[in-house]
Amino acid sequence: MVVSGICVLVGSVGLPTAVTYYVARQPTGAREIARSLAIPYLGQTLVTIAAQLAVLFLFVHDDPRRVQVAAFISILLVPGILSHSYGLGILQGQERFRPFNVLRILPTAVYAFAVLAVFVAGMASLVVLMSTWALSMFLGGLLALGIALRGL
């Protein structure tokens with residue numbers, strides 16, 4: 001999770017934060033601002049995934065198979081975190097604070113409940129826990145970006 005977080009932070013080069021500023025500054029241009037970021041978003045996602053794969057290879061190439069599988073699953077965090085960041089940036093810039101506040105905690109809340117369910121069911125393992133985190137962040141990110149873009 002730390003590797004994904006660092007890779008996405010570096011790979012995003014501050015664009016999600018800039019989205020908030022420019023959407024707030026030019027509310028009528030929000031659709032055009034979002035459209036202009038489609039190619040950079042895809043580029044950031046691909047480059048960050050490649051960087052994360054390289055870093056993870058260095059860290060886990062000698063580790064047990066379950067660690068390698070969990071590391072590979074963590075790749076879903078890249079598009080999830082980037083989508084979440086861009087979606088929240090647009091929502092905040094548009095001052096749509098209700099969906100912003102719900103969506104910013106949604107992935108973590110879903111993950112917390114999923115972890116509880118996994119432990120209660122006795123299915124806890126590194127791969128299962130990474131899968132729940134990656135899926136909650138990936139789906140939460142897509143939801144945040146989808147709601148933000150739909151509001152444009």
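Results, tabulated for the structure shown:
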{"quantity": "Principal axis dimensions, the chain - Cα atoms, whole angstrom, descending", "calculated": "52, 34, 18"}
{"quantity": "Surface accessible to a 1.4 Å probe, per residue, for the residues of the chain, Å²", "calculated": "57"}
{"quantity": "Between helix 15-25 and the chain: long-axis angle, C-alpha atoms, 0 to 90°, nearest 10", "calculated": "20"}
{"quantity": "Nearest 10 degrees, 0 to 90: helix 2-11 Cα axis against the chain principal axis", "calculated": "30"}
{"quantity": "Mean separation of Cα contacts under 8 Å, 6 or more apart, over the residue count of the range 11-84: relative contact order %", "calculated": "34"}
{"quantity": "The chain: angle of helix 97-120 to the longest principal axis, Cα-based, in degrees nearest 10", "calculated": "10"}
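The values are calculated or read from the model by the stated rules, or taken from the named source; none is laboratory data. Keep in mind it's a predicted model, so treat the numbers as computed, not measured. Side chains are part of the model used for accessible areas, which takes the heavy atoms of the whole protein and leaves out ligands, DNA and RNA. Shrake-Rupley method; radii C 1.70, N 1.55, O 1.52, S 1.80 Å.
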